[in-house]
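The values are calculated or read from the model by the stated rules, or taken from the named source; none is laboratory data. As the structure is a prediction and not an experimental result, all values here were calculated from the model. Cβ atoms come from the backbone with ideal geometry, glycine included; neighbour counts cover every protein chain shown.
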Amino acid sequence: MQNHLLAALPKEVFERIAPHLELIPMPLGEVLYESGGQLHHVYFPTTAIVSLHYVMENGASAEMAGVGNDGVVGISLFMGGNTTPSLATVCASGHGYRLKARLMMEEFNRAGPMMRLMLRYTQALITQVSQTAVCNRHHSMEQQMCRWLLFALDRSPSHELVMTQELIASMLGVRREGVTETAGKLQRAGLISYRRGHITVMDRVGLGSRACECYNVVNKELHRLLSDA
């Protein structure tokens, strides 16, 4: 029940899949699926956060969206494809449930509550992908980093996030030096504390005041879609 999608399922649907949900550790940096790889499971994070990256031919990448306890990893499975062009890696360690692809499709193809819930979540994820693209083009590095920290904080069980500057740079598609400079500004402003790969949020309200509109746009759409599910 720590995953909001699983918690939103009607009792009879949840009871059908519950015996097949496998609680697994999701360590930092673990690859859940590679770009172009076949999907064998879907994942429902509880305390972990998964980053969906698009990887260029030269190896460069940037995050398209993040999935935490409000979502599921592997939507291409039930959207008509069995592979995906994105790369899914754990960017904040924790736990989650995984469900075999075959069992997910059996429930989805009943054309009942599971299908409606997954399609609503997919619409919310598309909003996040679209907003991220606009954000990366039009908003400052500081705004983007504040947006991402708020996103991670909402899906984390504590105010401390374990992530390196290299990881943040990879997710935002920027140089590490830019992340170092921005993190320093936020730390001097008393908004975060950063040490050896650990970021502690000291002032959430302050972060919110410096974040761009994208954080609220994505959150409102997610809550709107899932509250009606």
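To keep it simple, each residue is scored yes or no on (1) assigned by TED's automatic domain parsing to the domain that holds residue 18; (2) at positive phi; (3) under 19 Å from the mean Cα position of the chain (by Cα).
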{"position": "90", "(1), (2), (3)": "yes, no, yes"}
{"position": "100", "(1), (2), (3)": "yes, no, no"}
{"position": "103", "(1), (2), (3)": "yes, no, no"}
{"position": "107", "(1), (2), (3)": "yes, no, no"}
{"position": "124", "(1), (2), (3)": "yes, no, yes"}
{"position": "152", "(1), (2), (3)": "no, no, yes"}
{"position": "164", "(1), (2), (3)": "no, no, yes"}
{"position": "179", "(1), (2), (3)": "no, no, no"}
Quiz item: In region 11-30, which residues are among the aliphatic types (A, V, I, L, M) and either in contact (Cβ under 8 Å) with a residue 60 or more places away in the chain or loosely packed, with under 11 Cβ neighbours inside 10 Å (or both)?
Solution: 13, 17, 21, 23, 24, 26, 28
Exercise. Residue by residue through region 183-210, note down the ones that are within 18 Å of residue 140 (Cα to Cα) and modelled with pLDDT under 90.
Key: 183, 184
Quiz item: Which members of region 1-10 meet the condition of being touching a residue at least 40 places away in the same chain (Cβ under 8 Å) and in a helix (DSSP H, G or I)?
Solution: 4, 5, 6, 8
Quiz item: Is region 99-108 home to any residue that is part of a helix (DSSP H, G or I) and in contact with a His (Cβ under 6 Å, 6 or more places away or on another chain)?
Solution: yes
Quiz prompt | Residue tally, condition in contact with a Gly (Cβ under 8 Å, 6 or more places away or on another chain) and either of a type outside the set (A, V, I, L, M, F, W, C) or more than 15 Å from residue 71 (Cβ to Cβ) (or both), over region 26-38 | solution = 1
Quiz prompt | Residue ranges of strands (runs of 3 or more DSSP E) in region 19-94 with at least 3 members more than 17 Å from residue 163 (Cα to Cα) and out of contact with any His (no Cβ under 8 Å at 6 or more places or on another chain) | solution = 41-45
Quiz item: Can you name the condition, by its number, that residue 172 falls short on among (1) surrounded by fewer than 20 Cβ atoms within 10 Å (Cβ to Cβ); (2) closer than 26 Å to residue 61 by Cα?
Solution: (1)
Self-check item: Failed item in (1) surrounded by fewer than 21 Cβ atoms within 10 Å (Cβ to Cβ); (2) modelled with pLDDT of 90 or more, with residue 114 passing the rest
Solution: (1)
